[in-house]
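The values are calculated or read from the model by the stated rules, or taken from the named source; none is laboratory data. Note that this is a predicted model, so its numbers are computed, not measured. Cβ: placed from backbone, ideal geometry, glycine included. Neighbour counts: every protein chain shown. Accessible surface areas use protein heavy atoms only, side chains included; no ligands, DNA or RNA. Shrake-Rupley method; radii C 1.70, N 1.55, O 1.52, S 1.80 Å.
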Amino acid sequence: MSLVNLIRDDALTYSHDFLPLGQYQAGNFTGLTRNVRPIHCHSHNDYWRRVPLFEALRWGCTGVEADVWFFPERHGELFVGHSTRDLTIDHTFRSMYVDPLMRIIDQQNTPDRPFETTSKSGAKNGVFEMDPTQTVVLLVDFKNDGHALYPVVSEQLEPLRRKGYLSYYDGKTLTPGPITIVATGNAPFDLVTRNTTHHDIFFDAPLSALSPLSSQTTNHETKRAGGQGTVGTTPLSTFDLTNSYYASVDFKKAVGWCWFGRLSSSQKQLIRSQISAAKERGLKSRYWGAPQWPVGVRNMVWRVLVEEGVDYLNGDDLKEMTRGDWGAKVHGSWLG
């Protein structure tokens with residue numbers, strides 16, 4: 001049995017001055033994703049970054065996260081922040097995410113005549129120049145009353161919806177778009193699924209509550225009274241690609257501690273079964289709350305998750321997360 005070496009640890013190489021991001025905030029998106037390979041990583045608490053959204057896109061992350069709050073007396077505005085003490089008037093859902101994403105995708109779909117033409121198929125180019133078909137997940141974390149938040153979030157997404165930039169389900173087929181909206185936190189499952197013929201906001205399903213389809217059961221007894229994957233659900237609720245996109249869970253609560261810097265064989269089997277249950281339903285598995293320190297333990301967890309086929313890595317250190325080797329081969333489902 002070995003112990004984590006607290007003296008010598010893997011190098012932490014993240015730098016805050018690695019990209020000239022100011023030009024993108026100013027509205028010049030030229031070269032934003034040029035030579036950037038999209039990677040299935042999720043920018044956790046993205047709004048805390050020095051340059052929210054743009055920093056994640058420049059690293060190739062295909063998922064970003066915005067925590068939103070709604071206060072009726074604020075005239076329908078949504079404010080972005082981890083807690084109420086973090087909120088400011090100028091940090092809004094529209095200004096930080098909806099409007100910039102719309103302008104980026106507008107530019108990606110504006111032909112430079114006479115050299116380019118728009119797509120004859122009607123499909124919209126996404127954010128990434130190297131793979132225009134790659135969707136970007138905008139994870140919207142409903143921080144207070146989900147039933148009050150939902151219609152406001154939906155209304156503020158209307159500019160993206162009107163231009164055909166959102167992935168949607170029409171009752172028969174899931175049509176991917178440049179942006180996929182996923183609702184988490186206190187998001188209400190009953191409102192997400194209310195319209196059975198068209199919806200473009202998808203649920204963040206509770207990963208640890210998914211049982212193998214062969215058992216035909218859902219492990220609802222493990223669910224909490226509130227929070228991610230629970231609001232607006234019933235014991236008969238089912239989660240699949242018609243209503244959900246991510247399937248997420250808190251790593252520490254679902255898997256446990258990395259004692260002595262390792263994951264046990266039973267923990268790895270648990271991860272394997274959870275990821276498999278999500279894949280059976282066509283959902284993208286994601287763990288949040290995984291260890292961030294020591295760096296060697298963090299890298300070990302990332303390596304195990306990728307080897308077991310996790311669909312999205314969730315993290316804060318974008319440079320290291322997108323590096324993708326950590327001393328082991330990279331799983332195709334993550335980069336692919």
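Quick notes on this one:
- What a 1.4 Å probe finds exposed on segment 23-136 is 49% carbon and sulfur by accessible area, rounded to a whole percent.
- Distance between the 7 Å Cα→Cβ label points at residue 30 and residue 74: 3.6 nm.
- Among 228-234, 264-270, 183-189, 290-296, sorting by the average number of other beta carbon atoms lying within 10 angstrom of each residue, highest first, gives 183-189, 228-234, 290-296, 264-270.
- Rounded, prolate or oblate (a/c below 1.5 giving rounded, otherwise prolate when a/b exceeds b/c) for segment 133-189 by Cα gyration tensor: prolate
- Order of exposure, largest accessible area first, which applies to 253, 143, 279 with probe 1.4 Å: 253, 279, 143
- Seen through its C-alpha gyration tensor, with square-root eigenvalues sorted a ≥ b ≥ c, segment 85-201 comes out oblate because a/c lies at 1.5 or above while a/b is not bigger than b/c.
- Remark: accessible surface ordering of 280, 320 (largest first) is 280, 320, probe radius 1.4 Å.
- The fraction of accessible area contributed by carbon and sulfur in segment 260-307 is 53 percent, rounded to a whole number (1.4 Å probe; ligands and nucleic acids excluded).
- Exposure ranking of 175, 196, 33 by accessible area [1.4 Å probe, largest first]: 196, 175, 33
- Solvent-accessible surface of segment 226-274, averaged per residue with a 1.4 angstrom probe and all protein chains in place: 50 square angstrom.
- For residue 244, the accessible surface of its heavy atoms amounts to roughly 0 Å² (probe 1.4 Å, protein chains only, rounded to the nearest 10).
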